[in-house]
Amino acid sequence: MKKLLTFVVTLFTVLNACASTTLPVEGTVVPADDPNIQYIGRICFDNPKQPRFTFPGARINARFTGTSLKMMAKPRSGYFMAQIDRAEPFKVAFMGERDSVVTLATALPQGQHEVQLMYVIEGYELKPDFRGFVLDRDAQLLPPPALSERTIEFIGNSITCGYGNESTEKTDPFEYETENHYFTYAQLTTRALNARAHVVARSGIGVYRSYDGPKTGTPENVMTTEYEYTNLYDRSERWDFSRYQPQLVCINLGTNDLSTNNYDSALFKQAYKRFLAQVRSHNPQAKIVCLCGSMLTGRELLIAKMMINEAISEVRREGDAEVYFFEFSVEKSYGASWHPSYEQHHVMADELTPYLRTLMHWF
């Protein structure tokens with residue numbers, strides 16, 4: 001009977017995830033600034049009723065009573081992954097021009113429940129915001145769950161974002177519908193390590209030049225610039241690094257710097273070394289792991305490994321001993337635009353997780 005109930009609850013949850021409405025909502029409306037809502041990630045609270053975020057991986061957690069839950073967000077905010085209690089996670093879409101309320105769950109058993117939400121696309125064009133929950137009448141939020149003390153920051157490009165990982169055709173173009181950060185190596189590894197993570201990533205970005213930029217670089221459009229701000233392409237708020245001090249920083253950059261034949265490897269190395277110093281200045285106690293892969297091959301892969309390792313060796317000689325190198329295997333399973341598939345991200349996580357577990361002693 002318990003298994004049947006779990007199946008029914010999950011079925012109702014998945015079916016109702018597609019339902020959206022702009023009609024007046026009935027029930028207990030909980031605004032986004034309720035102190036029992038837990039936020040993880042680079043999120044701007046300049047309007048506490050409508051917190052903004054554009055990086056994938058931003059999370060919203062809550063515990064609640066009652067039998068149902070609705071979520072409110074700006075229309076066309078994009079895609080979230082939601083998990084109710086221990087049921088299977090599912091995708092939630094705010095892609096209609098007027099959709100502002102989506103039902104996450106109905107027919108839950110009376111009692112206490114937990115919701116975990118993750119923004120799973122790059123939102124710099126959509127400019128999403130979250131506007132709260134709707135509960136049953138007389139239901140309420142409860143104090144949020146305790147957070148893991150293991151903290152990670154992932155800095156990366158389209159690979160870390162999850163570009164095309166839900167597509168099965170390598171010739172497919174970019175679409176929001178097939179990008180899902182929840183199933184990236186970064187989040188798979190984070191969950192395997194029972195950690196929490198902040199993510200600073202966008203497709204096409206590099207450390208000295210972004211995708212197919214001039215040989216001299218694109219200084220206004222690289223991670224060294226974007227890393228300083230709360231939201232992508234938004235200079236309204238500088239990120240306050242005291243809000244989150246990770247124990248571990250993983251950097252997966254270089255693919256876009258070297259992916260088209262118009263690069264300067266010396267400029268790449270110089271920029272990479274400067275970025276290591278920039279990351280260290282904001283995260284003085286963290287171990288920094290420089291990831292390489294999984295999209296580069298041939299000559300560019302050799303150059304990436306050489307330049308990144310030279311940069312690491314130089315900063316180590318200058319006194320920073322907590323910088324490391326890790327290489328993914330070259331991908332063999334493709335999503336859209338030759339990016340890693342869902343399966344390839346699992347391979348990457350299976351490679352990275354034991355390395356980080358040993359490095360951090362997270363057993």
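Per-structure values
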quantity	calculated
Cα gyration tensor, segment 22-95 - rounded (a/c under 1.5), prolate or oblate	rounded
Segment 32-83 and segment 292-328: distance between their alpha carbon centers, rounded to Å	36
Length-normalised contact order of segment 264-363 in % [C-alpha pairs under 8 Å, at least 6 apart]	28
Farthest positive-ward along the chain dipole, Cα basis, beta-carbon charges - from M72, C250, Y163	C250
Net +/- balance of residues flanking R209 in space, Cβ distance below 10 Å, scoring K and R +1, D and E -1	-2
The chain: angle of helix 265-282 to the longest principal axis, Cα-based, in degrees nearest 10	50
Gyration tensor over alpha-carbon atoms, segment 51-90, equivalent ellipsoid semi-axes in Å	20, 13, 10
Under 16 Å between alpha carbons - lysine pairs in segment 24-173 that sit 8 or more apart or on different chains	4
log10 of Debye I(q)/I(0), alpha-carbon scatterers only, for segment 293-363 at 0.28 Å⁻¹	-1.14
Cα-based Rg / Dmax (Å) for segment 241-363	15.0, 44
Expected-Rg normalisation [2.2 N^0.38 Å, Cα atoms] applied to the chain	1.00
Charge sum, other residues only, whose C-beta stays under 10 Å from F55's C-beta, Lys/Arg counted +1 and Asp/Glu -1	0
Portion, in percent, of the accessible area of segment 187-302 that falls on carbon or sulfur, probe 1.4 Å	49
Net charge contributed by nearby residues that have their C-beta within less than 15 Å of Q83 (K/R +1, D/E -1)	+3
Percent RCO, i.e. relative contact order, over the chain, from Cα pairs under 8 Å lying at least 6 residues apart	17
Highest-first arrangement of 317-323, 53-59, where packing means the average Cβ count within 10 Å	53-59, 317-323
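The values are calculated or read from the model by the stated rules, or taken from the named source; none is laboratory data. What you are looking at is a predicted structure, and each value in this text was computed from that prediction instead of being measured. For neighbour counting, all protein chains shown are included, and Cβ atoms are generated from backbone atoms with ideal geometry for every residue, glycine included. Just so you know, the surface numbers come from the protein's heavy atoms only, side chains and all, with ligands and any DNA or RNA stripped out. Shrake-Rupley method; radii C 1.70, N 1.55, O 1.52, S 1.80 Å.
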